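The values are calculated or read from the model by the stated rules, or taken from the named source; none is laboratory data. Just so it is clear, the structure is predicted and the values come from calculations on it, not from any experiment. We place every Cβ from the backbone using ideal geometry, glycine too, and count neighbours over all the protein chains shown.
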Amino acid sequence: MLHYTPTRNELEKNMEVISGMQDIAANAVDTILVDPQTCWQPSDFLPDMSTDGALEQVASLQQRAAGLPPEVITSLVGNMITEEALPTYQTFFNLVKGINEEGNIASDQGWVRWSRSWTAEENRHGDLLNKYLYLSGRADMKQVEITIHNLIGNGFDPQTEGDPYQAMIYTSFQERATRISHVNTGKLADKSGDIVLSRICKTIAGDEGRHEKAYKSFMSHIFEIDPDGALLAFEKMMKKQIVMPAILMDNATTDNLFTRFSAITQKLGIYTTFDYASIIKHLTDLWKVESLTGLSDYAARAQDYLSTLADRYKRIAERMKEPEAVKLAWLVK
């Protein structure tokens with residue numbers, strides 16, 4: 001079977017397409033993202049420590065959090081740690097070919113404005129969950145902080161090879177996956193009686209949904225301009241599989257923190273292989289992969305591969321056994 005490898009000229013073509021989308025990125029900043037003066041902030045959900053009733057508010061938070069199963073706390077910590085590695089994500093985006101060719105993080109170019117404003121919105125998520133967990137008394141915050149330190153220190157390689165098309169595929173997938181994880185964590189919080197945490201998770205999920213919408217629209221535009229290149233990038237990204245951003249949260253090779261976190265999200269139904277399959281199905285339907293015509297031979301083969309991929313993962317999910325026991329992490333001993 002022939003395998004496609006982008007040539008230097010093709011990568012340059014992808015860069016030209018992305019560079020030509022500066023106005024689209026700038027419009028997304030103005031229409032999809034929210035003004036910091038009007039959007040929610042972490043303090044909207046947390047005890048007001050400047051008031052006389054602050055300690056009572058903290059006690060109420062701790063009382064609600066006491067009813068959360070330890071597995072939910074571990075999952076929540078894993079979600080929070082993933083959100084806290086924002087320096088890595090902004091760096092990654094600005095290193096994508098065609099995004100920030102002038103190397104100026106303060107640039108007024110559309111893509112650089114997007115990277116700043118997107119990560120500024122994302123920054124609220126980690127701040128809110130971190131403070132909630134600290135006040136809850138349920139997490140070993142020293143171990144949590146060490147894990148965040150390690151994750152940022154280790155960096156992250158989403159295996160997009162600097163290719164802007166693959167980067168847009170990755171972010172479209174990952175934003176949807178993160179939204180699903182926060183929604184399902186919120187449902188478990190609600191079931192356990194912590195209605196404030198439920199609202200926190202669902203509010204964060206709302207942000208992720210807006211960001212998902214933006215990245216999917218960027219990729220939809222690429223499919224309109226260059227369906228061959230878009231299909232080939234989609235195929236390549238999916239053959240490598242989507243690597244989760246928090247995979248390097250520690251340096252252990254076996255029984256590591258990410259493995260434990262993933263097992264818990266699978267067991268609790270927070271993020272599962274079924275979700276992975278459903279995201280593939282959603283994206284292939286959205287970008288009308290099966291109905292694209294006039295393709296090159298390589299792109300047609302990519303189309304065939306992608307058209308059946310979601311069903312393959314669904315069959316894998318159906319055969320998978322639920323983890324019988326999971327090791328918890330980051331909890332107060």
Q: List the number of the failed condition for P87; all other conditions in (1) of a type outside the set (S, T, N, Q); (2) over 20 Å from V34 (Cα atoms); (3) modelled with pLDDT of 95 or more hold.
A: (3)
Q: Would you mind telling me which numbered condition in (1) over 21 Å from the mean Cα position of the chain (by Cα); (2) more than 30 Å from I146 (Cβ to Cβ); (3) at pLDDT 95 or above E101 fails?
A: (3)
**Q.** Count of region 119-163 residues which are of a type in the set (V, I, T), touching a residue at least 40 places away in the same chain (Cβ under 8 Å) and assigned to a helix (DSSP H, G or I)
**A.** 4
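Can you tell me which residue among D52, D23, D30, D108 is out of contact with any helix residue (DSSP H, G or I) (no Cβ under 8 Å at 6 or more places or on another chain), assigned to a helix (DSSP H, G or I) and over 23 Å from P245 (Cβ atoms)? Spell out the reasoning first.
Working: D52 fails: assigned to a helix (DSSP H, G or I); D23 fails: out of contact with any helix residue (DSSP H, G or I) (no Cβ under 8 Å at 6 or more places or on another chain); D108 fails: assigned to a helix (DSSP H, G or I).
Every option except D30 fails the conditions.
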Q. Can you name every residue in region 317-330 that is assigned to a helix (DSSP H, G or I) and either in contact with a Leu (Cβ under 7 Å, 6 or more places away or on another chain) or loosely packed, with under 13 Cβ neighbours inside 10 Å (or both)?
A. E318, R319
Q. Taking V72 and the conditions (1) part of a helix (DSSP H, G or I); (2) surrounded by fewer than 17 Cβ atoms within 10 Å (Cβ to Cβ), which numbered condition does it fall short on, given that it satisfies the others?
A. (2)
Q. For residues in region 31-61 being charged (D, E, K, R) and under 31 Å from the mean Cα position of the chain (by Cα), which is surrounded by the fewest Cβ atoms within 10 Å (Cβ to Cβ)?
A. D35
Q: Could you give me the residue pairs with C-beta distances under 6 Å whose first residue belongs to region 1-21 and is within 11 Å of D226 (Cβ to Cβ), whose second residue is among the β-branched types (V, I, T) and at pLDDT 85 or above wherever it lies, and which are 6+ apart or on separate chains?
A: V17/I225
**Q.** Residue among R116, R64, R176 that is assigned to a helix (DSSP H, G or I), within 17 Å of the chain's Cα centre (by Cα), surrounded by fewer than 20 Cβ atoms within 10 Å (Cβ to Cβ) and of a type in the set (D, E, K, R)
**A.** R116
Q: Of the conditions (1) out of contact with any His (no Cβ under 8 Å at 6 or more places or on another chain); (2) touching a residue at least 40 places away in the same chain (Cβ under 8 Å); (3) not aliphatic (A, V, I, L, M), T254 clears all except one; give me its number.
A: (2)
Q | Counted residues, region 187-230 - those being farther than 22 Å from E290 by Cβ and of a type in the set (A, V, I, L, M, F, W, C) | A | 10
Q) Looking at region 54-104, which of its residues are free of Cβ contacts under 8 Å to residues at least 12 places away in the same chain and among the hydrophobic types (A, V, I, L, M, F, W, C)? A) A54, L55, A59
Q) When G229 is evaluated against the numbered criteria (1) at pLDDT below 95; (2) small (G, A, S); (3) more than 14 Å from the chain's Cα centre (by Cα), which criterion, by number, is the only one it fails? A) (1)
Q. Would it be correct to say that S60 is of a type outside the set (F, W, Y), farther than 24 Å from K187 by Cβ and modelled with pLDDT of 95 or more?
A. no
